[in-house]
Amino acid sequence: MPTPAPGEVLIRVAAAGVNNTDINTRLAWYSKGDGESEDASWSGQALQFPRIQGADVCGRIVAVGDEVSAERIGERVLIEPCIREGGGQRLDQPWYFGSECDGGFAEYTTVAARHAYRIDSEMSDVELASFPCSYSTAENMLTRARVESGERVLVTGASGGVGSAAVQLAKARGAYVIAITSAEKADMLRELGADEVVLRDDDLRDAIEADSIDVVVDLVAGEQWPQYLEVLRRKGRYAVSGAIAGPIVELDVRTLYLKDLSLLGCTVLEPEVFGNLVSHIEQGKIAPLVAASLPLERIGEAQALFQEKRHVGKIVLEVSASG
């Protein structure tokens, strides 16, 4: 049982979602060396063991540390996955919940009170646990790219957790959304609000007019990457937060500077992003998309299922009832 430090709260975890980050960290995918070097985490810092993973958490506050009002006990909360305060102190570099500190794949966890957001919703714990990491990542990409109503947004990897979130959140901003996905998942993306669907094996130059996209939201990278810049209009914005098709890409720098493009790497959340996400949830502007839920003791099976990439939305682990 962890003990909350000053400024922290103790949360009884009700449900926790599975993410690419969990898999990538476990497999040392982030390491640019031999996989055994000290940069094998999203932040480039050495991991400290033992470590409890799990960035997506819905639960209830059951105890508080010094400097936190006891009135918060009993609150149903979502944890902001990108944290700027931990171990009772402000951080020079943000931590990722479940990476630089213990996360939510456990019955109880602690976090700075400022990163435990009260949530008022009739959704289930499992549904709420599908939001924090993927939806905040998507909202952060749209925030960084300054997506506005009426703009044309292309979302790659649109059937995944972040991709499906980006489709919904871009539509909530009034954008025209084109989703890239597989044939068997196309109808699901249309139901989520995608205005057009492009199959991921298609040549984008045939499917989308050149210089017609305002913003590319990319979770994939890989061999098709140069085409994403080709379809961007002049002064278009490219935002990336994943590379599931391969992290090494080919860039013709002339495309970048002659079209006045902006390339945006998106990891650390902007300060307003998570609060805005909670508001979207409470106002019913976005819907949860849960592909499957399994009990915590079947975490290995859940991660294997996640790696098959056949699902649409999130796979969530059930830990305990939050009531």
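The values are calculated or read from the model by the stated rules, or taken from the named source; none is laboratory data. For clarity, every value in this text was computed on a predicted model and none was experimentally measured. Cβ sites come from the backbone with ideal geometry, for glycine too, and all protein chains shown count toward neighbours. Quick note on the areas: whole protein, heavy atoms, side chains included, nothing else; ligands and nucleic acids left out. Shrake-Rupley method; radii C 1.70, N 1.55, O 1.52, S 1.80 Å.
When each of the peptides 164-177, 61-74 is scored by the mean number of other C-beta atoms lying within 10 Å of its residues, the order from highest to lowest reads 164-177, 61-74. Taking Ser136, Ser149 and ordering them by how much accessible surface each has at a 1.4 Å probe, largest first, produces Ser149, Ser136. Using the Karplus relation 6.51 cos²θ - 1.76 cosθ + 1.60 with θ = phi - 60°, the per-residue 3J(HN,Hα) values for segment 267-276 come to 10, 6, 5, 5, x, 8, 5, 5, x, 5 Hz, with x marking Gly and Pro. Amide H contacts for Ala175 (H built 1.01 Å from N in the peptide plane; partners 5 or more residues away or on another chain; cut-off under 5 Å): Gly150.
When only Cα pairs below 8 angstrom with a gap of at least 6 residues are kept, the chain shows a relative contact order of 19 percent.
Cα centroids of segment 48-105 and segment 141-164: 28 Å apart. A straight line joining the Cα centroids of segment 202-228 and segment 286-323 runs 30 Å.
Distances between placed amide hydrogens fall under 5 Å for Ala15 paired with Cys58, Val319, Ser320, all partners being 5 or more residues away or on another chain. A simple packing score, the average count of other Cβ atoms within 10 Å per residue, orders the peptides 273-286, 232-245 as 232-245, 273-286, with the highest score first.
Less than 5 angstrom separates the built amide H of Val220 from those of Ile244, all sequence-distant by 5 or more or on a different chain. Comparing Pro132, Pro226, Pro81 in a Gaussian network model of the chain, where Cα atoms under 10 Å apart are tied by springs, the biggest mean-square fluctuation is seen for Pro226. Cross-link pairs exceeding 18 Å between alpha carbons, from the set Lys32/Lys314; Lys185/Lys314; Lys235/Lys259: Lys32/Lys314. Output the antiparallel fraction of DSSP beta bridges having both residues in the chain, as a percent to the nearest 5. So the antiparallel bridges in the chain amount to around 50 percent. Using a probe of 1.4 angstrom and keeping all protein chains present, the accessible surface of segment 85-133 works out to 43 square angstrom per residue. Entry note, segment 1-160: relative contact order of 29 percent, from Cα contacts under 8 Å with a spacing of 6+ residues. Largest mean-square fluctuation among Arg146, Arg118, Arg60, in a Gaussian network model of the chain whose springs join Cα atoms under 10 Å apart, belongs to Arg146. Sum up the charges of everything whose Cβ sits under 13 Å from the Cβ of Val62, counting Lys and Arg as +1 and Asp and Glu as -1, but leave Val62 out. Taking every Cβ under 13 Å from that of Val62, the sum is +1. Which percent of the accessible area of the chain is formed by carbon and sulfur heavy atoms (probe 1.4 angstrom)? Carbon plus sulfur share of accessible area: 46 percent.
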